[in-house]
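Provided herewith is a single structure, encoded as structure tokens, for subsequent inquiry.
The values are calculated or read from the model by the stated rules, or taken from the named source; none is laboratory data. No experiment lies behind these values; they were computed from the predicted model shown. Positions of Cβ are generated from backbone atoms using ideal geometry, with glycine treated the same way; all protein chains shown enter the neighbour counts. Only protein heavy atoms, including side chains, enter the accessible area calculation; ligands, DNA and RNA are left aside. Shrake-Rupley method; radii C 1.70, N 1.55, O 1.52, S 1.80 Å.
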Number of protein chains: 4
Amino acid sequence: MNKDGTFNVRKIGAPGNIRDTYQSLIIMTWAKFFALTFIFIMVLNVLFALAYVFIGVEHLVGDKEGDLWQNLTEAFFFSFQTFTTVGYGHISPVGKLTNFVSVIESATGLMVFAIITGLLYGRFSRPSTRLLFSEKALIAPYKDGWALMFRVVNLRKNTLLELEASVAMTIHVKEGNENKRKYYRLNLEISKIEFFPATWTIVHPIDDKSPFNSLDLNNLAKEDLEIVIQLKAFDDTFSQHVHSRYSYEGSEVVVGAKFKPASSVDDNGNLTIPLDEFHDYKIVTFSK
Amino acid sequence: MNKDGTFNVRKIGAPGNIRDTYQSLIIMTWAKFFALTFIFIMVLNVLFALAYVFIGVEHLVGDKEGDLWQNLTEAFFFSFQTFTTVGYGHISPVGKLTNFVSVIESATGLMVFAIITGLLYGRFSRPSTRLLFSEKALIAPYKDGWALMFRVVNLRKNTLLELEASVAMTIHVKEGNENKRKYYRLNLEISKIEFFPATWTIVHPIDDKSPFNSLDLNNLAKEDLEIVIQLKAFDDTFSQHVHSRYSYEGSEVVVGAKFKPASSVDDNGNLTIPLDEFHDYKIVTFSK
Amino acid sequence: MNKDGTFNVRKIGAPGNIRDTYQSLIIMTWAKFFALTFIFIMVLNVLFALAYVFIGVEHLVGDKEGDLWQNLTEAFFFSFQTFTTVGYGHISPVGKLTNFVSVIESATGLMVFAIITGLLYGRFSRPSTRLLFSEKALIAPYKDGWALMFRVVNLRKNTLLELEASVAMTIHVKEGNENKRKYYRLNLEISKIEFFPATWTIVHPIDDKSPFNSLDLNNLAKEDLEIVIQLKAFDDTFSQHVHSRYSYEGSEVVVGAKFKPASSVDDNGNLTIPLDEFHDYKIVTFSK
Amino acid sequence: MNKDGTFNVRKIGAPGNIRDTYQSLIIMTWAKFFALTFIFIMVLNVLFALAYVFIGVEHLVGDKEGDLWQNLTEAFFFSFQTFTTVGYGHISPVGKLTNFVSVIESATGLMVFAIITGLLYGRFSRPSTRLLFSEKALIAPYKDGWALMFRVVNLRKNTLLELEASVAMTIHVKEGNENKRKYYRLNLEISKIEFFPATWTIVHPIDDKSPFNSLDLNNLAKEDLEIVIQLKAFDDTFSQHVHSRYSYEGSEVVVGAKFKPASSVDDNGNLTIPLDEFHDYKIVTFSK
């Protein structure tokens, strides 16, 4: 899994589709989105400007005729005034063909901005979370033995409810000549909490059933393993379920360490979470 | 069931309703949608143009009067400039009635484009999946016996989570003179997976409880039976549950075959899925 | 419960709220919605027209001055051309104050149509079902005894999945001087189905635990009782859960009757549902 | 927890993000939203007006040149006519640079109003409930002992279904020098109801397992405790799940009191709820 929550799987030969285009336009960065929108609108207007020049600039009354470049520029400005329906009127279409093209263009313009409105709303309203995971997962003391632990905090002010975690471990093994990826679900001490106002430390006890039990924990960083986390929550602001994924590689697991407290309660019972100390842990002696 | 996931049931005499119109406009193809939109806008503008001509073209200042056809064309262009609110102004309304009609038209135009904006967004944002099901379902070796198997892959780049399958079989039987459709749920080896980055082979073991146990598997193609699949998943991009349906008829079940591997892992542990080999299977000896 | 699924409960003294206004605008009929929209836009424009006349019609260049009524009419048309941003320009604002009012008006106009766009989309996309319930609920023969039965069919072409029913009975009783409403949940033979392509007959067996067991079924019509049904389903087209409610009063329960078949299967295994025969039942001898 | 349902937790050092901006714009009050929108549009137009003056007012044909202030005002009005696409045309751009700026401005204007449309819809359609909780929670007689009770009513006309409550109690304790917040879930007599047409009294019996059992109930007001309530429901109008939170502090619990009836049934079986009597209770002798 990549750090942004997508999976590292290559599918070869999948055909395109208009719905995928929509999905891409929703997912891409804002910079790319605005650049694409700008280019698309410009190209459309240049094409319409070419059409007006082709029909004849003499049908654009108010336009000062000149050389081809001059005509194209003026036609482009007229085109844009039509496309955005600003329609000042100091240049106006005369003749059936020019009028008809401007009819098509103004309708096209309204449609294009309708689509952009929808895309902007789709982009903004897309559910998302901003959770901060501890940089490292720890193998920390737990009851009489050890447990895999990491913690998470909500960076937003909104309230997440019914937080549910499911954690898995995949490991790359060689069986003879064959490469395989094995997959294990990890049992959690608590896998669901109702409120999430502060931080949550997720704990997988390394007991007999744990796949970590049979690994050499001192050499975890050398294994091609990955701890894959999925968090599900209900976002109260938008009334929808949100999912968040994260992963730790073997080299991101610190063996023999425990987290420092993430929050402190003062004498009035108020809770404070200093986020710059969120990743802090201290080393403990590990033996197993 | 049809291949697009709709059911092959005829209901006679259901009355229409405005909400059904919305649903149709959301479901129809893009070509049909744009054609309908275009025709609707054109017809509206022709009606308004007729109104302007009926009131009198002399109230459209800037308009060059001519024969009826000439007047209608000019009125149509003025109408469109009003409808799209481009309003160049080289033709402008004079007189109370013409002004009032243009007031109504510009408001109508804005409303119509508001509805189109909504419809476009509704169409784009409609949840959908693009899953590829194996062309054939197989009766393949499984443990000591046989199992019905088919597989599925996500053609999109987005991540589907919490994939859940439910599979049923319906068979058309004649009991005396009466035609009946019997319905059986098929037990699955695994009916829910948490992540779906690669492919999933869905397995129904043909054991004592399976309705296939009492059928002549060698003559499956002759039965009027259908295997109906419903997949439910959570689409992380749009934070909504999506459903997908598919079906296999008796003639699409290959008895005595097993799938070739759908994916390969390289030495670095990376997974590749060649989609052009997705449907591939090899024949095995079947006996029961 | 009323037939439209709302409950017949009066709450006295609930204060209003802007969000309730939105909800009302979404729920009201289309006729009322368009009438309100029309009136609202007209009133706004009359107010702006009054403002222009108050500032002075001489600041509306191109306008022909006349008596007050004439001025108001012209100002109204200018106002509307500004409000809808059609802006022909044959009347245009001159002077700071008139210009400023037109600035405010054009922005207001765009906002108003933005809100209308949102409301239209909200109205259209509101989840809904069109289920047809049988006109009567029947007390019909069932196994060795009797059961309360009614049936339901989806009038839309869309597919409903995971249909779930819950049925309750409330009865008005007098205990001494006190009026009470008692509430019983009714057990169903089957309360959930996965697909809903055809019809579904919902069955409540009248056994020892049923509240109907202690009623005089022959005099059901005289009781002030109500059978309240709630159906929950997943609408595949819009990917959302929809709910539908319905109720039968005592007088709508036919004691001693059974439904005629709702569908027929032909020799090719195709199912047909004639909706005009959907409510049909035949009387059977009732004794208990 | 605060009375508006947010939690009283301070997180220090969380970085900002564009998505959080969207969330803020959705959550803020209407007054603040409209003020921000107004200022944003005004600032944008002043900037464009400055650009037009900088290029040269002689390129705005129809504009009457004057002193800088005069020019700026005229340029501002032209800018607004471009931004809103009203484009009267009595002032129109001439020259490549001025034309190009007006091209950018009209496109910007359409984009800005597209975003505003989306935000308005996002604000309106945000799920919400308007539940009224009783001002006080009561320790009231219940069976042979006592129970914590409070009640809730829906202030809206819409129907809430599948109402589900979960109640917790947190208490601030000092263990030696350390401040701690202990958290207990409270068992409820009934934690889920299907319909919610009237009122619901939520009851937590104070039995052996209840954390209240070990507290001195007569001195509850002095404890730094909080009863935290979460209600989940399905809003039938918008087909979405809504959540509502509320809390009572120790001083808001009345020990030894019971609620007066919230509703009355008349002789025709109709239910009426007078909301002004909703908080009413009467004192009873408390002893434990």
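Of all residues in region C:139-192, which are touching a Pro at 6+ places or on another chain (Cβ under 7 Å) and within 13 Å of chain D (Cβ to nearest Cβ)?
Answer for region C:139-192, where residues must be touching a Pro at 6+ places or on another chain (Cβ under 7 Å) and within 13 Å of chain D (Cβ to nearest Cβ): C:M169, C:Y184.
Here is a follow-up. Out of D:F234, D:F238, report the one residue that is aromatic (F, W, Y), touching a residue at least 40 places away in the same chain (Cβ under 8 Å), part of a loop (DSSP other than H, G, I, E, B) and on the phi < 0 side of the Ramachandran plot.
D:F238
Being under 21 Å from A:F195 (Cα atoms) and modelled with pLDDT under 90 is the filter here; which residues of region D:131-165 pass it?
Residues satisfying the conditions are D:L131, D:E162.
Which of (1) at pLDDT below 85; (2) open to solvent by 20 Å² or more (accessible area, probe 1.4 Å); (3) under 30 Å from C:F124 (Cβ atoms); (4) out of contact with any Ser or Thr (no Cβ under 6 Å at 6 or more places or on another chain) is the odd one out, the single condition B:N177 does not satisfy?
Of (1) at pLDDT below 85; (2) open to solvent by 20 Å² or more (accessible area, probe 1.4 Å); (3) under 30 Å from C:F124 (Cβ atoms); (4) out of contact with any Ser or Thr (no Cβ under 6 Å at 6 or more places or on another chain), only one is false for B:N177: (3).
Continuing with the same structure: Please give the number of the condition D:Y246 fails out of (1) open to solvent by 40 Å² or more (accessible area, probe 1.4 Å); (2) at pLDDT below 85.
Only one criterion in (1) open to solvent by 40 Å² or more (accessible area, probe 1.4 Å); (2) at pLDDT below 85 is unmet by D:Y246, namely (2).
Taking the conditions exactly as written (at the interface with another protein chain (Cβ under 9 Å from one of its Cβ atoms) and of a type outside the set (K, R)), does A:S134 satisfy them or not? Quick ask: steps written out before the conclusion?
Working: at the interface with another protein chain (Cβ under 9 Å from one of its Cβ atoms): no; of a type outside the set (K, R): yes.
Answer is no for this residue.
Quick grid of which residues meet (1) within 25 Å of D:P141 (Cβ to Cβ); (2) modelled with pLDDT of 90 or more:
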residue: D:Q240; (1), (2): no, no
residue: D:A257; (1), (2): yes, yes
residue: D:P274; (1), (2): yes, no
residue: D:H279; (1), (2): yes, yes
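So, C:M28, is that one within 39 Å of the chain's Cα centre (by Cα), modelled with pLDDT under 90 and not β-branched (V, I, T) or not?
On the way: within 39 Å of the chain's Cα centre (by Cα): yes; modelled with pLDDT under 90: yes; not β-branched (V, I, T): yes.
Answer is yes for this residue.
Starting from region D:76-88, take each residue that is at the interface with another protein chain (Cβ under 7 Å from one of its Cβ atoms) and list its partners that are open to solvent by 10 Å² or more (accessible area, probe 1.4 Å) and small (G, A, S), counting only C-beta distances under 7 angstrom and pairs at least six apart or across chains.
What qualifies is D:T84/C:A107; D:Y88/C:G89.
Need the failing condition index for C:A140 against (1) in contact (Cβ under 8 Å) with a residue 60 or more places away in the chain; (2) more than 35 Å from the chain's Cα centre (by Cα), just the number.
(2)
Further, regarding this structure: Would you be able to tell me the number of residues in region C:190-218 that are more than 29 Å from the chain's Cα centre (by Cα) and open to solvent by 70 Å² or more (accessible area, probe 1.4 Å)? Outline the logic, then answer.
At the first step, the residues of region C:190-218 found to be more than 29 Å from the chain's Cα centre (by Cα) are C:205-218.
Add one more test, that the residue is open to solvent by 70 Å² or more (accessible area, probe 1.4 Å), and what stays is C:208-209, C:214, C:216, C:218.
Residues flagged as more than 29 Å from the chain's Cα centre (by Cα) and open to solvent by 70 Å² or more (accessible area, probe 1.4 Å) within region C:190-218 amount to 5.
Quick check on region A:105-120: of everything there that is in contact with a Phe, Trp or Tyr (Cβ under 7 Å, 6 or more places away or on another chain) and within 10 Å of chain D (Cβ to nearest Cβ), which residue is nearest to D:Y22 (Cα to Cα)?
A:G118
For region B:180-189, how many residues meet the condition of being open to solvent by 70 Å² or more (accessible area, probe 1.4 Å) and part of a strand (DSSP E or B)? Lay out the reasoning, then the answer.
Taking region B:180-189 first, the residues open to solvent by 70 Å² or more (accessible area, probe 1.4 Å) are B:180-185, B:187, B:189.
Narrowing further to those that are part of a strand (DSSP E or B): B:180-185.
Selection size over region B:180-189: 6.
Determine whether A:E226 is among the acidic types (D, E), more than 14 Å from chain D (Cβ to nearest Cβ), exposed (fewer than 14 other Cβ atoms within 10 Å of the Cβ) and within 30 Å of the chain's Cα centre (by Cα).
Values: among the acidic types (D, E): yes; more than 14 Å from chain D (Cβ to nearest Cβ): yes; exposed (fewer than 14 other Cβ atoms within 10 Å of the Cβ): no; within 30 Å of the chain's Cα centre (by Cα): yes.
So A:E226 fails the test.
Now a separate question. Determine which single condition B:I39 fails, assuming it passes every other condition in (1) open to solvent by 30 Å² or more (accessible area, probe 1.4 Å); (2) touching a residue at least 40 places away in the same chain (Cβ under 8 Å).
(2)
Scanning region C:241-282 for residues that are free of Cβ contacts under 8 Å to residues at least 12 places away in the same chain and assigned to a strand (DSSP E or B), which turns out farthest from the other protein chains (Cβ to nearest Cβ)?
First, the residues of region C:241-282 that are free of Cβ contacts under 8 Å to residues at least 12 places away in the same chain: C:261, C:264-270, C:272, C:274, C:276.
Now restrict to residues that are assigned to a strand (DSSP E or B): C:264-265, C:272, C:274.
Values: C:S264: 8, C:V265: 4, C:T272: 5, C:P274: 5 Å.
Among those residues, the one meeting the criterion is C:S264.
Now for a separate question. Which residues, taken from region D:197-211, are within 14 Å of another protein chain (Cβ to nearest Cβ) and part of a strand (DSSP E or B)?
Of region D:197-211, the ones within 14 Å of another protein chain (Cβ to nearest Cβ) are D:197-200.
Within region D:197-211, D:T199, D:W200 qualify.
Please tell me if A:F238 is buried (at least 17 other Cβ atoms within 10 Å of the Cβ) and out of contact with any strand residue (DSSP E or B) (no Cβ under 8 Å at 6 or more places or on another chain). Spell out the reasoning first.
Details: buried (at least 17 other Cβ atoms within 10 Å of the Cβ): yes; out of contact with any strand residue (DSSP E or B) (no Cβ under 8 Å at 6 or more places or on another chain): yes.
Yes, satisfied.
Restricting attention to region A:260-282, which residues are acidic (D, E) and surrounded by 13 or more Cβ atoms within 10 Å (Cβ to Cβ)? Please lay out each step first, then the result.
Just the residues of region A:260-282 that are acidic (D, E), to begin with: A:266-267, A:276-277, A:280.
Once the filter is applied, which keeps residues that are acidic (D, E) and surrounded by 13 or more Cβ atoms within 10 Å (Cβ to Cβ), region A:260-282 yields A:E277, A:D280.
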